[in-house]
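Trainee: What follows is a structure written as structure tokens; I'll ask about it next.
Quick note: the coordinates plus some simple rules give every number you see, no bench work behind them. Just so it is clear, the model here is predicted, and its values are computed rather than measured. When we count neighbours, we look across all protein chains shown, and the Cβ atoms used for this are built from the backbone with ideal geometry, even at glycine.
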Amino acid sequence: MSIVQKDFLKKIKDFGLNSYEAKIWTALLSRGVSTAGELSDIAGVPRSRSYDVLESLEKKGFIIMKLGKPIKYIAVNPEEVVDRVKKNVIKDAEQQTQVLDTLRGSDILDELKSLHKNGVEMVDPAEITGALRGRNNSYDQMEAMIKACEEEFIMVSTEDGIVRKADAFFRALKKAHERGVKIKIAVPVTDKNRKALADLAPIATIKDLKKLNARFCIADGKEVLFMLLDDATVHPTYDLGVWLNTPYFAEALTQLFELAWEEAKEIKIKA
């Protein structure tokens, strides 16, 4: 099989098909109507698997079984297949959402939370750490910290970084503010990020720290997430963060932050 065909089959998998299903379906599309044996030979799929694959494709709405002997299969128009796949994806997502909503208020979730809490308390804090590869993963963890925060959330960011964070975390930060969390943001204030800071100003105390070139956040003096690389020079895919759940280090870092925070000037930014 050529490289072009392999790449083509990889794209076909976006329809939710496995390798054998993608091969059989494309083979049938090229023939219009065909038997299981013919499709097996064309697609290079073992005959022992072809009937199972065809049955699966039929259930998913990609093909239709033609009545008569020998049994033949008809390919469904690809445009119709896209509509069917989309409809099934939406249906599955709605069902899964309902299941998750049911779990949210169930005894099972309470038991799982209890297990997690008890398990964490038994673990050495030094072991509750994680390396986060890619900026998206770091942002996911940061958002989780904001959502779980109860008293104080500290964010230190760069000139460009605060613009991204304002866009990514505004809703989570606003909800945290509404439940009484004190939010402190330290960042170099420039014309480039003034609009983003204006959006954050009603829910956070903002201070201009031009001398502090760092990226980290602290939640409730317990959790820390800090970035290891300069966001001005690293591609988001290769950005690297470290998450720590250790009150000892978090409290020490908070104390160092407060020293710089006290000396900095609070910025009043109007929208």
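Trainee: Distances longer than 19 Å among the Cα atoms of segment 3-80: what percent of all pairs is that? Can you show the working numbers first?
Mentor: Values: 803 of 3003 pairs.
Tail of P(r) above 19 Å: 27 percent of Cα pairs.
Trainee: Based on other C-beta atoms within 10 Å, arrange SER157, SER48, SER106, SER56 from fewest to most. Provide the component values of the computation, followed by the final result.
Mentor: Numbers: SER157 25, SER48 8, SER106 11, SER56 16.
Going from sparsest to densest Cβ surroundings: SER48, SER106, SER56, SER157.
Trainee: Could you work out [θ]222 nm for the chain from helices alone, using -39500 (n - 2.57) per DSSP H run of at least four and dividing by all its residues? Round to the nearest 500 deg cm²/dmol. Intermediate values should be presented prior to the final figure.
Mentor: On the way: 10 runs with 144 residues, N = 271.
It lands at -17000 deg cm²/dmol.
Trainee: Follow-up question, since we're still on this one. Using alpha-carbon pairs under 8 Å, 6+ residues apart, how would you state the relative contact order of segment 122-266 in percent? Working shown, then result.
Mentor: Values: 250 pairs, mean separation 46.5, N = 145.
The normalised contact order for segment 122-266 reaches 32 percent.
Trainee: Sticking with this structure for a sec: Answer rounded, prolate or oblate for segment 216-271, using the Cα gyration tensor with square roots of eigenvalues a ≥ b ≥ c: rounded when a/c is under 1.5, else prolate when a/b is larger than b/c, else oblate. Before the final figure, lay out the partial values.
Mentor: Working: a/c = 2.25, a/b = 1.12, b/c = 2.02.
Verdict is oblate for segment 216-271.
Trainee: So which trypsin sites (Lys or Arg not before Pro) in segment 166-239 end up in coil per DSSP with only 13 or fewer other C-beta atoms within 10 Å?
Mentor: Numbers: sites: ARG171, LYS174, LYS175, ARG179, LYS182, LYS184, LYS192, ARG194, LYS195, LYS207, LYS210, LYS211, ARG215, LYS222; in loops: ARG179, LYS192, LYS210, LYS211, ARG215, LYS222.
In loop regions of segment 166-239 (DSSP not H, G, I, E or B), the sparsely surrounded trypsin sites (Lys or Arg not before Pro) are ARG179, LYS192, LYS210, LYS211.
Trainee: Let me ask you something else. I need to check one value: relative contact order of segment 3-80, counting alpha carbon pairs closer than 8 Å and at least 6 residues apart, in percent. Each step should come with its number before you reach the end.
Mentor: Details: 85 pairs, mean separation 21.6, N = 78.
With pairs under 8 Å counted, the relative contact order is 28 percent.
Trainee: Collect residues whose amide H, placed 1.01 Å from N in the peptide plane, falls under 5 Å from the amide H of LYS182; neighbours closer than 5 in sequence don't count.
Mentor: GLU152, PHE153
Trainee: Could you list LEU256, LEU67 so that the one with the fewest beta carbons within 10 Å of its beta carbon is first and the one with the most is last?
Mentor: On the way: LEU256 10, LEU67 7.
Taking fewest neighbouring Cβ atoms as first place, the list is LEU67, LEU256.
Trainee: Can you check what the Kirkwood hydrodynamic radius comes to for segment 122-266, Cα pairs only, in Å to one decimal? Can you show the working numbers first?
Mentor: On the way: mean 1/r = 0.0655 Å⁻¹.
With all distinct Cα pairs of segment 122-266 included, I get 15.3 Å.
Trainee: Sequence gap at least 6, Cα distance under 8 Å: using those rules, report the relative contact order of the chain to the nearest whole percent.
Mentor: Values: 358 pairs, mean separation 41.1, N = 271.
Relative contact order here is 15 percent.
Trainee: Roughly what percent of Cα-Cα pairs across the chain reach past 34 Å? Can you show the working numbers first?
Mentor: Working: 17279 of 36585 pairs.
Roughly 47 percent, once rounded to a whole number.
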